[in-house]
Amino acid sequence: MLRKIMKGGHRKPSKSEANEPSSYGIGPPGPGRSGPGSNVVVSHASRGALVNSSPSPVTATPPLSSVEPLPLFRDVPVSERQTLFLRKLQNCCFLFDFTDTVKNNAREKEIKRQTLLELVDFIQSGSSKISESCQEEMIKMISLNIFRCLPPASHENTGQEPADPEEEEPYLEPSWPHLQLVYELLLRYVVSTDTDTKVAKRYIDHSFVLKLLDLFDSEDPREREYLKTILHRIYGKFMVHRPFIRKAINNIFYRFVYETERHSGIGELLEILGSIINGFALPMKEEHKLFLIRVLIPLHKPKPIVVYHQQLSYCIVQFVEKDYKLADTVIRGLLKYWPVTNCAKENLFLGELEEVLEAIQPVEFQRCMVPLFQQIGRCLTSSHFQVAERALFLWNNEHIVGLIAQNRSVILPIIYPALEKNIQSHWNQAVHGLTTNIKKMFMEMDPELFEECQRQYEEKQAKSKQVEEQRQYTWKRLAEAAADRDRAGEEDHMITS
């Protein structure tokens, strides 16, 4: 990873990087930069305030007035490396405006980039254990660099409706050459075996974690990937923070589902939760079951589900595999949020439903099979051929076919009308062929039941036809009576006139 970063030091900014607003703190004067005293960040209203804690002055070394080249760690005695480490941290506290084409500051930017690389290498090598004061100053430097206001999304600037998230071109952070190295430094610090959690938790505290979670709304996928890895490592290493992190993530999901339906990092947060769920101990706590019911299942409601459905489906299946008794709850939750007019979303639901059914036990299946196959029956007759085809593909799964075979006396009467309707009137040949195969499967499975369902269907159709004929006959008589009444009225009028 470090070699890749060193190679990619000089990056040509893309066109999408030209719109980054300059929002750095107030520091000592300098062309296009802020000094190490910068501790106030102006936040955008839509993103929430991200205000850095005021960094305490470094007493070991005098403050730097500008970014200046410093000697390498290997060129100074071991006794002086802690002091040099602090000076390098001060160098990295200067923030540059990467959108300012007039004041380029190329030399100073490169000095900071090289300094960050040295810091990453120093932490990664573990050649010298850094003191508590150095750790505190390092976290302050990291906070100063990464905690910033995020630029507003494109629809917030124009007032237009948000576009399809899959079609939007991702925004790329202009300061990424520096930002990436700061994230790499934080990651190396968190995963280092030399990092004492008892000391580190003083600086990586609840406030730090909350600000880190706020950054998940960044539109830059590279930043979200780093955040995902770092937060996952923090969750694994700092056990004291685990309940707080879960609760904070829940709050992000609540706001997304019930208020905004707009957040860039839902997929990454679900990836972290997928790993967390995998480690849940059995029997499962009530808190975790409530998380499934109140958070994960309602996440099927928002329109942008296509962006994060894969991660959401993985989390849901993890719950069912951990505790098979939750399968009924999950399936009824899916049916509650089943899309009516969105065919792409309906296909996603059918795919997830198949994964849940693969993990379900017969007893739980029997509890929900009636409403489940009523919905599957509606999908079978969908005029959108992909939905009908995806529903028919459920019969390619041996486990599902086994469950259907065990409960065929309940399931076949529910879906037989849908099968007949497809054969008689569906426009798509592939759907027609698959439906025929399923009819043959049921016929071979239980000929008597199949004939009984066929007889009941024919009787129902005959009754429906009879009711329709009676309705038409009644309307015909009403029309004739109205016509007779009109003629009688005309004759009376002629007589009187």
Violations at 18 Å Cα threshold for listed pairs 439/465; 112/140; 247/345; 88/201; 201/237; 345/421 -> 439/465; 247/345; 88/201; 345/421
How much accessible surface does residue 226 have with a 1.4 Å probe, in Å² rounded to 10?
20
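Looking at the square roots a ≥ b ≥ c of the eigenvalues of the Cα gyration tensor of the stretch 171-301, which shape do they give, rounded for a/c under 1.5, prolate if a/b is larger than b/c, or oblate?
Judged from the Cα gyration tensor, the stretch 171-301 comes out oblate (a/c at least 1.5, b/c at or above a/b).
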Just to confirm a number: summing +1 for Lys and Arg and -1 for Asp and Glu over residues other than residue 371 whose beta-carbon lies under 13 angstrom from that of residue 371, what do you get?
+3
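Assuming R0 = 35 Å, what is the FRET efficiency of residue 475 and residue 384, from their Cβ-Cβ distance, to the nearest 0.05?
Values: r = 34 Å, r/R0 = 0.97.
The value I calculate is 0.55.
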What number does the stretch 178-245 give for Rg over Rh if you use C-alpha atoms and the Kirkwood radius?
0.94
Can you give me the solvent accessible area of residue 284 with a 1.4 Å probe, rounded to the nearest 10 Å²?
20
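For the stretch 366-490, report the accessible area per residue in Å² (1.4 Å probe, heavy atoms, rounded to an integer).
Averaged over the residues of the stretch 366-490, the accessible area is 61 Å².
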Contact order relative to length of the stretch 158-282, as percent, for alpha carbon pairs under 8 angstrom and 6 or more apart:
28
Under 14 Å Cα to Cα from residue 440, which aspartates and glutamates show up? Leave out anything in the same chain fewer than 8 places away.
420, 448, 451
Please work out how much length the chain gains when fully extended from residue 131 to residue 198, using 0.36 nm per residue of separation minus the C-alpha to C-alpha distance, in nm with one decimal.
22.8 nm
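Between residue 306 and residue 101, what is the FRET efficiency for a Förster distance of 45 Å, r being their Cβ-Cβ separation, to the nearest 0.05?
Result of the calculation: an efficiency of 0.75.
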Extension gain, residue 428 back to residue 491 (0.36 nm per residue minus Cα-Cα distance, nm):
17.0 nm
Which trypsin sites (Lys or Arg not before Pro) does the stretch 200-270 hold that lie in a coil by DSSP with at most 14 other beta carbons within 10 Å?
202
About its Cα centre, what dipole magnitude does the stretch 392-453 give when the only charges are +1 on Lys and Arg Cβ and -1 on Asp and Glu Cβ, stated in debye to the nearest 20?
260
Expected-Rg normalisation [2.2 N^0.38 Å, Cα atoms] applied to the stretch 276-366:
1.04
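The values are calculated or read from the model by the stated rules, or taken from the named source; none is laboratory data. This one's a predicted model, so the numbers in the text were calculated from it and none came from an experiment. Please note: Cβ atoms are built from the backbone with ideal geometry, for glycine as well, and neighbour counts cover all protein chains shown. The protein model used for the area step is the full one, side chains on, heavy atoms only, and it has no ligands, DNA or RNA in it. Shrake-Rupley method; radii C 1.70, N 1.55, O 1.52, S 1.80 Å.
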